[in-house]
Each structure stands twice: as structure tokens, then as C-alpha cells.
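*Asks:* Sharing a structure here in C-alpha cells format.
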Amino acid sequence: MLTHLTLHRSLWAITGVLTLVAAAAGLWRPAVYGGVVGEELIPGAFSQDLLSVAAALGLLYLAITAHGGRVKRQIVALGLLGFLFYAYGIYVIERAYNELYLAYMAVFTLALWALVCAGAHLRRDLPQPSLPKAVRLVSASGAMLQPLVFYPLWIGMLLPLMRTGEQIDSLYSIFILDLCFIMPAFLILAVLSYRSHGIGLLLLPAIHVLGFTLIFSLAVGELVKPLFDAVPNPSAFWTDLGLSMLFLVLGTLHLTTMRINATRTVPVSEDSGAVEADTWA
């Protein structure tokens, strides 16, 4: 799927190592968030670090194994990068100025530019991916649900702030990241998949991976609240768990049923990303 695969695997590995250091430090000493994160948000930061450690280990594994024709592993790596872009974008935008802030900026930057490079290095001669029609429609509809829900929700919350000029002290990063980056990605890939466009079919599972990790982090955040003398919200937990499982099911279903119509063979070169077409499925 990607050309210059050695470059991408190197970026994944570096991002994974830096994430592992930053997230493990937060887990080892949650007090690092004291004074820069609201006390009520520390359970969420802790759960995000847990998921970030898992994502970092996943990226390191994929950096080692996602070679040759293992296209689906490359797709999962892009989804994990999207999660790290979002997770560390929160810390960067919210000005979490602790001793790890430069590491947060590094992960945020690496994840962003690794995704940009992936877009620039998508193979232009990939055979057309295919999905059963029912899976394609279900997968695209699950992705479309997000902008349909969150655009009205977040804009509805922004309008009163715009009328009064009030500047909120925390979580304003969510508006920026969701409205400017994540929801457009869901929308574009969903529309492309509805139209059976190859890029949409190929990359839609990555957005499901991102959705799963983000929302599952919120569910875990409810579970760890007692560690910080806070009371879990059962309604929020079950809602977040259900939505994260929806993303997990959609992504798994999409990846396991997606096939590449291998109509020809191209030269094998790991660094260029070219492999025998019949191994891409």
C-alpha cells in the first residue's frame, strides 16, 4: 500500500518509543499532571496513558512486521497514529506544561507528519479493493454516524461561547481536533466508501481503529476513577464501551472481508512498497 515503507516503519518505531516513554512516565507518576490538568480530568489522562502504551507497543510491533504485502497491518498502524495525534494533540493544545511537554509535542508532530507522508506515499497503481456490499454500507454508515452526531453537538456548544466571547479553560482542544481534523476524516472516508472508491475502502478501517482507541480510553477512564477517589458514571461507561465496541466490530469486519482484486503482478521491492499483487489481500 505504501511506498518508501522503510521510512514509514522507522517513523512508526520512533513514534512508538517516544510515546512509550511519555505514557509510561504518566502511569508511573500521575502527579506529573498536577497543576496542568484539572483534578477531575486526571483519571482520563491516566486511562489515555494506558491506551497510549498499548498503541505504542502496537506501533513497535507493526514497525517490525508490516513489511511487503501486509497491507492490513499498515492500515492498523495509520489508525494508531491517528489516535496518538489526537491524544497528544490534547496535551499540546491544552498547554500541559509539565516536564514531559516537549515529548508530547514530539509525539504529536511525528504522528501528524507520519500520516501526511503516508498520504503522499500511497501507491498509485494498487488494484481496486473490494468488500461485500452489505459490509461496505455498514462500515461507511458507522463512520458517517460520527460527523452526523458530533458536528451538531459541538457546534451547539460553541455557539453560546461565540455569542458571549467566553473562553473556557479546558477541553477546548476537543472542538479543534474533532471539528477540524477527525470529523472531516470520518466524513470523507465514509462518502468515498459509499461510492466504492478504492482509497475510501482501503483507509476506512484506519478511522475505525482511531475511533475504537479514543472511545475505549473514555470507558477505561470511568473504570479507573476509584483510584483517584472519584465516582464512576455507569451511564457514561456503558455508552463509551458500546461505541468503542461498535468501532472494533466495524474495523475487524471491514479488514477481514476486504480483498484486493489482484489482476496483475508488480515487481517486488520492500522499500518501494511494491509486492506481488496476489499477496495484498
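The values are calculated or read from the model by the stated rules, or taken from the named source; none is laboratory data. Computed from a prediction, not measured in an experiment: that's the story for all the values here. Note that we place each Cβ from the backbone using ideal geometry, even for glycine, and neighbour counts take in every protein chain shown.
*Asks:* Out of everything in segment 192-218 that is in contact (Cβ under 8 Å) with a residue 24 or more places away in the chain and surrounded by fewer than 19 Cβ atoms within 10 Å (Cβ to Cβ), what residue ends up being nearest to the chain's Cα centre (by Cα)?
*Replies:* Filtering segment 192-218 for residues that are in contact (Cβ under 8 Å) with a residue 24 or more places away in the chain and surrounded by fewer than 19 Cβ atoms within 10 Å (Cβ to Cβ), the one nearest to the chain's Cα centre (by Cα) comes out as Ile199.
*Asks:* Right, next: Give Leu241, Leu189, Leu179 a once-over and let me know the one that is closer than 26 Å to Leu158 by Cβ, part of a helix (DSSP H, G or I), touching a Phe, Trp or Tyr at 6+ places or on another chain (Cβ under 9 Å) and modelled with pLDDT of 95 or more.
*Replies:* Leu179
*Asks:* Would you check if Leu253 is modelled with pLDDT of 95 or more, more than 16 Å from the chain's Cα centre (by Cα) and farther than 23 Å from Glu40 by Cβ?
*Replies:* Yes.
*Asks:* Somewhere in segment 62-70, is a residue under 30 Å from Asp169 (Cα atoms) and either surrounded by fewer than 22 Cβ atoms within 10 Å (Cβ to Cβ) or without any contact (Cβ under 8 Å) to a residue 40 or more places away in the chain (or both)?
*Replies:* The answer is no; no qualifying residue exists.
*Asks:* Something else: Across segment 16-38, what is the number of residues that are in a helix (DSSP H, G or I) and either touching a helix residue (DSSP H, G or I) at 6+ places or on another chain (Cβ under 8 Å) or modelled with pLDDT of 95 or more (or both)?
*Replies:* The total comes to 16.
*Asks:* Scan segment 19-36 for residues that are of a type outside the set (Ser, Thr, Tyr) and crowded, with 21+ Cβ neighbours inside 10 Å and report the count.
*Replies:* So the answer is 3.
*Asks:* Within segment 39-51, work out how many residues are under 19 Å from Val92 (Cβ atoms), of a type in the set (A, V, I, L, M) and in contact with a helix residue (DSSP H, G or I) (Cβ under 7 Å, 6 or more places away or on another chain).
*Replies:* Residues in segment 39-51 being under 19 Å from Val92 (Cβ atoms), of a type in the set (A, V, I, L, M) and in contact with a helix residue (DSSP H, G or I) (Cβ under 7 Å, 6 or more places away or on another chain): 3 in total.
*Asks:* Restricting the search to segment 220-241, which residues are over 18 Å from Phe150 (Cα atoms) and small (Gly, Ala, Ser)?
*Replies:* Gly221, Ala230, Ser235
*Asks:* I'm trying to understand the selection: among the residues of segment 111-134, which are among the aliphatic types (A, V, I, L, M) and either surrounded by fewer than 16 Cβ atoms within 10 Å (Cβ to Cβ) or closer than 18 Å to Ala185 by Cβ (or both)?
*Replies:* Ala111, Leu112, Ala114, Leu115, Val116, Ala118, Ala120, Leu122, Ala134
*Asks:* Name the one entry in Leu126, Leu137 that is closer than 25 Å to Phe247 by Cβ and part of a loop (DSSP other than H, G, I, E, B).
*Replies:* Leu126 is the lone residue from the list that is closer than 25 Å to Phe247 by Cβ and part of a loop (DSSP other than H, G, I, E, B).
*Asks:* Something else: What residue, among those in segment 89-104 that are within 17 Å of Pro30 (Cβ to Cβ) and assigned to a loop (DSSP other than H, G, I, E, B), is nearest to the chain's Cα centre (by Cα)?
*Replies:* That would be Glu94.
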